[in-house]
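Engineer: One structure, as structure tokens, below. Some questions next.
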Amino acid sequence: MDDLASQRPSMTTVQNLKLGPGRRWMRWVPWLVLLALVALAAAGFWWWRERQKEAAKPQYETAVVGKGNIMVTVAVTGKIESVDSVQVGAEVSGKVDDVLVDFNDVVTKGQELARINTEQLDARVKEVRAQSAVSAASLLNAQATAAEAAANVRRIRALAERGLVSQRELETATAAAARAEASVAQSRAQQLVNAASLESAMAARDKAIIRSPIDGIVLSRSVEPGQTVAASLQAPTLFIVAKDLTTMVVKVEVDEADVGKVEKDQRATFTVDAHEGRRFDATVKSLKNVPSGGKDVVTYEAELTVNNEERLLRPGMTATATIITSERRDVLLVPNTALRFTPPAVIASAAARQQSPGAGGLPGFGAPRMMGPGGGGGRARPAGSAGGGRQRGATQMGTLWFIEGAEPKSVRVQIGVTDGSHTELLSSEIAEGSSVLIDVLVGAK
């Protein structure tokens, strides 16, 4: 029995025989799973860190430099007026008997427009004519008296030569003859006065008929039959006659800040509320040197001529005009936002340098451009970027940024005129199609 017992295998030996050599690795599975989880966690953490670093890097918005046309303009407002309009008034006082024309009537030079009652004027003409007749009679009387006095002088002189009369009588006769000649001269002068009075009275009667001074069209009529006009202080305006409505002028006020850019013969366009959506062409006719503004706002009046053959424009309309002071065609254009942009890191670096004792700003750039509202780079406005161009003959420089590798790089460029949104690029450092930075999309803003 003992021999039989010794020949039986033990439980450990039986279990080892059951597991076998190929299944012993199962004891390492939990450790392998744990090790895989740790490796996966490490890889995830590394990936998350790299994404955070990538997200922290600034990403920029860009714009493309392209060719196009640019116009520099000056915005003005004013009123439309007719060319050579004449205010027709009354030079004599009286009651208006007839009004012969109305507004919009076409009239010719010398045509009767209205008549003023002439009863008093006719009476005045008759009175002066009567005075003239009296003066003529007085002249004849004076001439007869003068002739008689002259004959008397000749007779007394003959008697005096023979000693028949005294020298005193001769002197008295001579004085009487001189007085008679003076009366003749006085009568003749009175005749001239009466003739002038008659001419004035007849002219006043003729002025009772109001006539058109030019060929044109009646713009307004401010008199009615039966109305009494008084021309004692100044001639009251009865009609306004315009020479021609096919050509009109727009009188606009140019601000003193823009007056240096406006010149004669420059092109302009304008709009009126009566014809919405339509732009009319005009030309600068003149620019006055005398200011027409007040103490706070100084403006100068300019006249724009416009063709009105279609008769769409009327005197008194308010016009919103744009004067084209400069125009460039097929030139390189860069957005003004690119000229205002500076990377945030550059701004921060410049600010730190300025705060350091004895440190200056960025070399070649001067003071840093401050960051504007809405994030992004600096928003310091370049000269003239608000529209209206720049001073003629002045060389303007600007800074543009672009990406070289992974970092922004700056380049100084020469710039020309601007219309407020785009600026002419004069330098050859930036080619057409280049991408320039205009804002920061992601990162430190």
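Engineer: Across the range 200-216, what is the number of residues that are surrounded by fewer than 18 Cβ atoms within 10 Å (Cβ to Cβ) and farther than 19 Å from T118 by Cβ?
Structural biologist: Qualifying residue count for the region: 3.
Engineer: Condition first: more than 23 Å from G420 (Cα to Cα) and either in contact with a Lys or Arg (Cβ under 9 Å, 6 or more places away or on another chain) or hydroxyl-bearing (S, T, Y) (or both). Can you find one or more residues in the range 321-337 that meet it?
Structural biologist: no
Engineer: Right, here's the next one. If the Cβ limit is 9 Å and pairs must be 6+ apart or interchain, which residue in the range 103-131 that is more than 18 Å from K207 (Cβ to Cβ) pairs with which residue that is part of a helix (DSSP H, G or I) and among the small types (G, A, S)?
Structural biologist: Short answer, once both residue conditions are applied: R129/A201; Q131/S197.
Engineer: With the structure loaded, tell me whether D244 is touching a residue at least 40 places away in the same chain (Cβ under 8 Å) and out of contact with any Asp or Glu (no Cβ under 9 Å at 6 or more places or on another chain) or whether it fails that test.
Structural biologist: Spelling it out, it is not the case that D244 is touching a residue at least 40 places away in the same chain (Cβ under 8 Å) and out of contact with any Asp or Glu (no Cβ under 9 Å at 6 or more places or on another chain).
Engineer: Here is a follow-up. Touching a residue at least 60 places away in the same chain (Cβ under 8 Å), β-branched (V, I, T) and not in a strand (DSSP E or B): is that true of V223 in this structure?
Structural biologist: Against the criterion (touching a residue at least 60 places away in the same chain (Cβ under 8 Å), β-branched (V, I, T) and not in a strand (DSSP E or B)), V223 qualifies.
Engineer: Here's something else I'd like to know. Which residue out of V74, V88, V106 is under 30 Å from V250 (Cβ atoms) and in contact with a Phe, Trp or Tyr (Cβ under 9 Å, 6 or more places away or on another chain)?
Structural biologist: Of V74, V88, V106, the one residue that is under 30 Å from V250 (Cβ atoms) and in contact with a Phe, Trp or Tyr (Cβ under 9 Å, 6 or more places away or on another chain) is V88.
Engineer: So, one more: Please indicate, with yes or no, whether at least one residue in the range 172-195 is touching a residue at least 60 places away in the same chain (Cβ under 8 Å) and farther than 26 Å from K109 by Cα.
Structural biologist: Yes, because at least one residue in the range 172-195 is touching a residue at least 60 places away in the same chain (Cβ under 8 Å) and farther than 26 Å from K109 by Cα.
Engineer: What number of residues within the range 155-171 are touching a helix residue (DSSP H, G or I) at 6+ places or on another chain (Cβ under 7 Å) and either in contact (Cβ under 8 Å) with a residue 60 or more places away in the chain or assigned to a helix (DSSP H, G or I) (or both)?
Structural biologist: 6
Engineer: Turning to a different aspect of this structure: Taking A176 as the residue in question, decide whether it is modelled with pLDDT of 85 or more, among the aliphatic types (A, V, I, L, M) and assigned to a helix (DSSP H, G or I).
Structural biologist: yes
Engineer: Taking the options T305, T271, T325, name whichever one is in contact with a helix residue (DSSP H, G or I) (Cβ under 7 Å, 6 or more places away or on another chain) and in a strand (DSSP E or B).
Structural biologist: Testing whether each residue is in contact with a helix residue (DSSP H, G or I) (Cβ under 7 Å, 6 or more places away or on another chain) and in a strand (DSSP E or B) leaves just T325.
The values are calculated or read from the model by the stated rules, or taken from the named source; none is laboratory data. No experiment lies behind these values; they were computed from the predicted model shown. Glycine also receives a Cβ, built like all others from the backbone with ideal geometry; neighbour counts cover every protein chain displayed.
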